[in-house]
Amino acid sequence: MIDVHTHLGNVSRNRYPDCSPITAEQLLDRMNCQGIDISVLLPLESPEVHRGWFLTEEAVEARDAYPDRFIAFTGIDPRQRCLEEQFELFLHRDGCRGFGELLNPLPFDDDRNRAIYRKCDEYGLPLVFDMDRGQLDDEAGLPRLERCLSEFPNCKFLGHGPGFWTAISGDDTRSGRYEPGPIAPGGAIDRLMDHCENLYLDLSAQSGYNAMTRDPGFTREFVGRRWERMIWGSDFLRTDSQIISVDWFRELGFDDTVVDAIADGNARRLLGLDEGQGDVSLPGH
């Protein structure tokens, strides 16, 4: 099983000492308890949208300590100077395998964000984004996301966050809340997946769990159509995090082909991993 969405470090420093920084060893303990083989480490480097920090250098250091268990992404703030130079450095010197977690107070299609999409498109990399109230803003129907999916077809966008998952329903009000109740037909996510093969679904956190449990009848039909681009993740942020989606996922009741793909196979394909992990090459190279 691969967890495509985890964090380390002092990301909840406002709760210190009750909530201490997460160490690589603590994450490994959680992985071992829940049967997770590999975790993708997503830096958090934008100051306005999180309480703490998890730098790309820290993700690389943890990956180097446990190379069979961790994969490092880079998560540069797009407003930083020398963005492209840093991107290339983290990619080629440090072997980062994707970008994320992208979350900042800019519109989704802001030119500074598009510079990141352009680099991911150049190398065919996955990019995990968190769309929420006040960050990576988009309108009903997700037109900004749609433009970027079309403009950067080799960038694999992994959608995450309340502002993304509310668009699973055709009556999306852009509230950014965990909407309850039945899912109306005509949601933007379904529509975009029909004609944008580079949109993937990050199932992590309360936002993914809520989207997949609020309307069980819809979920079974939706997963039956979209499982080849669904990726399991936890969004592990604190040592006391309750990863409720593990039990939900294992109780889905789909056949082994679907479950294995969401748990492992889709992520391996997206990340360019061999079946036994081993050495990996940069996507597109």
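I want to verify a result. In a Gaussian network model of the chain, Cα cutoff 10 Å, which of these has the top mean-square fluctuation: Val49, Val60, Val128?
Val49
Hey, if you put +1 on the Cβ of every Lys and Arg and -1 on every Asp and Glu Cβ in the chain, which of Gln80, Val259, Leu158 ends up farthest toward the positive end of that dipole?
Sorting the options by dipole projection puts first Gln80.
Tell me whether the chain comes out rounded, prolate or oblate; compute the Cα gyration tensor, take square roots of the eigenvalues as a ≥ b ≥ c, and use a/c under 1.5 as the rounded threshold.
rounded
So if we plug the beta-carbon distance of Asp64 and Arg191 into 1/(1 + (r/R0)^6) with R0 = 41 Å, what FRET efficiency do we get, rounded to 0.05?
Once the sixth-power term is evaluated, E becomes 0.50.
Taking the Cα centre of segment 141-233 as origin, sum charge times position over the Cβ atoms of Lys and Arg (+1) and Asp and Glu (-1), and report the length of that vector in debye to the nearest 20.
140 debye
Can you tell me which of 139-146, 85-92, 113-120 comes out highest on packing, and rank the rest after it, using the mean Cβ neighbours within 10 Å?
Output ranking for 139-146, 85-92, 113-120: 113-120, 139-146, 85-92.
Which number do you get for Rg(Cα) / (2.2 N^0.38 Å) in segment 157-268?
Working it through for segment 157-268, the quotient is 1.00.
Going by C-beta contacts inside 10 Å, put Arg133, Arg214 in order with the fewest on the left.
Fewest-to-most Cβ neighbours within 10 Å comes out as Arg133, Arg214.
Percent of Cα-Cα pairs more than 20 Å apart in segment 128-206, please.
22 percent
So how do Asp215, Asp68, Asp37 line up by other beta-carbon neighbours within 10 Å, fewest first?
Asp68, Asp37, Asp215
Modelling each spin label as a point 7 Å along the Cα-to-Cβ direction, I'd like the Cys82/Asp111 distance in nm, to one decimal.
Calculated label separation equals 2.2 nm.
Taking only DSSP H segments of four or more residues, each worth -39500 (n - 2.57), what value at 222 nm results for the chain once the sum is divided by all its residues, to the nearest 500 deg cm²/dmol?
Calculated from helices alone, the mean residue ellipticity at 222 nm is -9500 deg cm²/dmol.
Each value in this text was obtained by applying a stated rule to the coordinates, not by laboratory testing. Please read these numbers as outputs of a predicted model, since none were measured by experiment. All Cβ positions, even for glycine, are placed from backbone atoms using ideal geometry, and neighbour counts span all protein chains on display.
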